[in-house]
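Worksheet: one structure, shown below.
The values are calculated or read from the model by the stated rules, or taken from the named source; none is laboratory data. Remember, predicted model here, so these are calculated numbers, not experimental data. Neighbour counts run over all protein chains shown; Cβ positions are idealised from the backbone, glycine included.
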Amino acid sequence: MSQKTLLRILILGEIISPLIGAIIDQFFPQLLPKALQDYFTSSDSSEFQWGAFWILSILGIAFAYLASLYGLWRLRSWARWLYTSLFLVYFYPPFFEPTVSSAIANICSELSSGCSGGILVLIWVSEISREFSNQPRKSVKEYFNTGIAPILILLICVFVSSLLSVAMTGDPIVGQPWKTFEIILFSFIMYWWYYLDKAQHDYRAGKWLNMAVVGCGIIAVPVYLFRSRPLRQAVMAFLMFLLVIVGVGVSFMVGGGIGKVIIDLDGCETVFNHSVNQSI
């Protein structure tokens, strides 16, 4: 097994292990001993004030963490520094503190920590660490000819849409007619990525698949991924597709959180209501 493959296995392990542990603790609380169940239900969750600052900080760190894992997957030099910095931030309270979890969830957490240690060793002291410093730099034009640019623009659009919607109306879900415009814009960005990826893999799709990507991309894109690539590459591409969906959700929440901060700074008044009151 090559070190590159091992690195990617560790990245997947670090992502999947804590998710499994969180799902187990969420849906199977009976796995905890009775004393811990009583402690968990009686603990005061209001001891730590989850203000807008901490919420935005945690969401921002989560977004940067996903970006660092993507960069490590692509062997980017900047990702080493970002991932290592976030690893150190993890030990800062209140992120690193005692938690109540079942034995299975704790095993998943330990597996994730082991994967983190393995990743740090590989990216800094192994032979593959040299590849991080030997990556050729691309120009802006070259990035726009790959699928990276549409994904970044999609994340930015979701962030801006959520921020403006909350700041203007107090609701992260935009209304008509902006909703129609938003759907058209996101469909265009998705088809833009699809067009570039088809050209990169020299895949000739039929008209039905082309229309499906525009009409229902969240279903059509996975179908396209498994039809345009060998099985192993398709599975990896599908996992990256799921990672992009998570990134979209994080961008949506971060944008809405910043919009909420803007409202709080304006005296709990939306921009729309503030302008109406000023005119009156």
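General observations
- Subset of segment 194-215 (residues that are closer than 16 Å to A234 by Cα and in contact (Cβ under 8 Å) with a residue 24 or more places away in the chain): Y194, D197, K198, Q200, H201, Y203
- Index of the failed condition, L36 passing every other in (1) under 30 Å from I119 (Cα atoms); (2) at pLDDT 65 or above: (1)
- Of the residues making up segment 130-149, none is farther than 30 Å from K260 by Cα, at pLDDT 85 or above and outside the structural domain of F28 (by TED's automatic domain parsing).
- Of the candidates F87, F91, the single residue that is at pLDDT below 85 and more than 19 Å from the chain's Cα centre (by Cα) is F91.
- Residue in segment 12-31 that is at pLDDT 85 or above, of a type in the set (D, E), surrounded by 12 or more Cβ atoms within 10 Å (Cβ to Cβ) and under 22 Å from S109 (Cα atoms) present: yes
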